[in-house]
1. Can you say whether Ser182 is in contact (Cβ under 8 Å) with a residue 60 or more places away in the chain, under 21 Å from Val52 (Cα atoms) and either in contact with a Phe, Trp or Tyr (Cβ under 7 Å, 6 or more places away or on another chain) or not aliphatic (A, V, I, L, M) (or both), as far as the supplied structure shows?
2. If I ask for residues that are within 28 Å of Gly42 (Cβ to Cβ), open to solvent by 40 Å² or more (accessible area, probe 1.4 Å), modelled with pLDDT of 95 or more and of a type outside the set (Lys, Arg), which ones from the stretch 162-202 would you list?
3. Can you pull out every residue in the stretch 88-137 that is assigned to a helix (DSSP H, G or I) and closer than 15 Å to Asn24 by Cβ?
4. Anything in the stretch 130-148 that is open to solvent by 70 Å² or more (accessible area, probe 1.4 Å) and at pLDDT below 95? List them, or say none.
5. If Ser13 satisfies every condition in (1) open to solvent by 40 Å² or more (accessible area, probe 1.4 Å); (2) without any contact (Cβ under 8 Å) to a residue 40 or more places away in the chain; (3) within 17 Å of Glu121 (Cβ to Cβ); (4) among the polar types (S, T, N, Q) but one, which is the exception?
6. Please go through the stretch 176-209 and give me each residue that is within 17 Å of Ser140 (Cβ to Cβ) and either among the β-branched types (Val, Ile, Thr) or under 12 Å from the mean Cα position of the chain (by Cα) (or both), ordered by number.
7. Can you pull out the strands (runs of 3 or more DSSP E) entirely within the stretch 1-81 that have at least 2 residues that are in contact with a strand residue (DSSP E or B) (Cβ under 6 Å, 6 or more places away or on another chain) and of a type in the set (A, V, I, L, M, F, W, C)?
Amino acid sequence: TPDAIALSMEGRSLSYHSLNVRANQLARLLRERGVMTETVVGVCLERSLEMVVAFLAVMKAGGTYVPLDPDYPRDRIRFMVEDSGAPLVITTSTLSERFTGEACRAVLLDREEGVLRQAAEHDLPPQATAEDLAYILYTSGSTGQPKGVEIRHRSLVNFLWSMKRVPGCLSRDVMLSVTTFSFDIAGLELYLPLMVGARVEIVSRAVAENGRRLRECIERVQPTLMQATPATWHLLLEAGWPGNASLTVLCGGEALPADLARK
């Protein structure tokens, strides 16, 4: 379904064809910059369609991505880049000062637009195997120094196929993505819908953290799937969200109190 909408956010959208083409073009640029199997690539972008393109491009090039939240303190970002050994970071001009003086090289998407448009659009030969790393996520560091957790392709695929069966996801579904991309469950929000031809609606951080705005977003988008922590579901209920019988609610990350579950 090349013309079906794969990603959308605040009125912008990408079809499956456009998403695949843009990811292929960026993957080719990454290959030219030295990315190969399990080369670690940092991705420091705001929540956006372009960030998903970057994740897919790194994997298409055979590399391993590390999400770098732009809102993290600079010292934390520096630690994650150095600890993961990322020689390359995908970012933009407005965020590039976070990497001034670092050993890694920056690929500035806004500066590379002309090069990317001229790159070939067809799929690249697959590079990564089931045993290679898909991405590395860093723990919060609440009990000490943050630790990088390595996730292999086989683990991600196994999880996604399990979730595809139960609770299930179909091409007609719309997944509302509210989780920060530095958390593991973001893989479910992005790749499960894309695996079955469904649509991912990405929610900005400002909306995800505001109960009223998130409620309005749900009423406008009418998603059929949404995964969030109990704290977010509580936020929604406090903002007057009445619930929706057509929405499959997924809840994780912390204990779900019985009273909240009943509500």
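The values are calculated or read from the model by the stated rules, or taken from the named source; none is laboratory data. Note that this is a predicted model, so its numbers are computed, not measured. Glycine also receives a Cβ, built like all others from the backbone with ideal geometry; neighbour counts cover every protein chain displayed. Just the protein is used for accessible areas: all its heavy atoms, side chains included, with ligands, DNA and RNA removed. Shrake-Rupley method; radii C 1.70, N 1.55, O 1.52, S 1.80 Å.
1. yes
2. Met195, the sole residue that qualifies.
3. Of the stretch 88-137, the ones assigned to a helix (DSSP H, G or I) are 93-99, 113-118.
Correct list: Val115, Leu116, Arg117, Gln118.
4. At the first step, the residues of the stretch 130-148 found to be open to solvent by 70 Å² or more (accessible area, probe 1.4 Å) are 131, 140, 142-143, 145, 147.
Those that are open to solvent by 70 Å² or more (accessible area, probe 1.4 Å) and at pLDDT below 95: Ser140, Ser142, Thr143, Gln145, Lys147.
5. Every listed condition holds for Ser13 apart from (3).
6. Matches in the stretch 176-209: Thr179, Thr180, Phe181, Ser182, Phe183, Asp184, Ile185, Ala186.
7. Qualifying strands (runs of 3 or more DSSP E): 5-9, 40-43.
Residues checked against (1) under 26 Å from the mean Cα position of the chain (by Cα); (2) modelled with pLDDT of 95 or more; (3) more than 17 Å from Cys169 (Cα to Cα):
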position: Gln222; (1), (2), (3): yes, yes, no
position: Leu225; (1), (2), (3): yes, yes, no
position: Pro230; (1), (2), (3): yes, yes, yes
position: Trp233; (1), (2), (3): yes, yes, yes
position: Ala239; (1), (2), (3): no, yes, yes
position: Asn244; (1), (2), (3): yes, no, yes
position: Gly252; (1), (2), (3): yes, no, yes
position: Ala258; (1), (2), (3): no, yes, yes
position: Ala261; (1), (2), (3): no, no, yes
